[in-house]
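This report refers to the structure that appears directly beneath it.
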Amino acid sequence: KYGLEGRKVIIYEGEMSAWHGIDVLVRAMALLGDDYRALILGKNAEALKPLATELGVLDRLVFTGHVPHGEVPFYISAADAGAAPYDPSGVPDMARFGFYFSPIKMFEYMACGKPLVASDIDIVRDIVRESGCGVLAKPGDPRALADAIRILIGSPGRMGDSGREACVKKYSWDTVGGGIADELGRLIPMRRPIGGGRGR
């Protein structure tokens, strides 16, 4: 459908907010060969076209627009690897209050058995190192991201399989949700139900 046969394909899916680093991926594409393609899923991705045109890489980017969530795995499966180039450096509130989030796109890549390249930041770093699912790159650095993509696609090893195994065993909704519930139960003491206890 998108003419990706014979290409080295990196996929990005999700938000286009500044701290997600999608612009870093576009800049990295300018440092990779013409045999690379970035498959970009999500709303508002068209806003990247002026930057891509300026860098001369518009023909290396494939914009799908919004994709129904149930169809996302088909797109991920068409790629060689997933990209999660988070870059919180330009967001003052994140610098002030800290950076904490749940990197859903990473788990979706992992669940599909795809290795990933991700920013070397807290949370993300822990997931990648513990699961062995991909390669880390300096956040906000297009050259570091391009080098990591080249390494990852050139020699993925068992990273995709390791990511899928970790996703099933450690990062499923049931496992993560159960852990949160247990922690909340520990931190918030149980209160006596309204109407409970002895009458007056």
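The values are calculated or read from the model by the stated rules, or taken from the named source; none is laboratory data. Remember, predicted model here, so these are calculated numbers, not experimental data. A quick note on method: Cβ atoms are made from the backbone with ideal geometry, for glycine too, and the neighbour counts reach across all protein chains shown. Just so you know, the surface numbers come from the protein's heavy atoms only, side chains and all, with ligands and any DNA or RNA stripped out. Shrake-Rupley method; radii C 1.70, N 1.55, O 1.52, S 1.80 Å.
Structure summary
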item: Accessible surface ranking that places the most exposed of M159, M110 first, with a 1.4 angstrom probe; result: M159, M110
item: A47-R186 pseudo-label distance in nm [points 7 Å out on the Cα-to-Cβ vector]; result: 3.9 nm
item: Most to least packed among 62-71, 20-29 [average Cβ atoms within 10 Å]; result: 20-29, 62-71
item: Protection proxy ranking, peptides 43-51, 74-82, average beta carbon neighbours within 10 Å, highest first; result: 74-82, 43-51
item: For the range 1-108: rounded, prolate or oblate by the Cα gyration tensor [a/c cutoff 1.5]; result: oblate
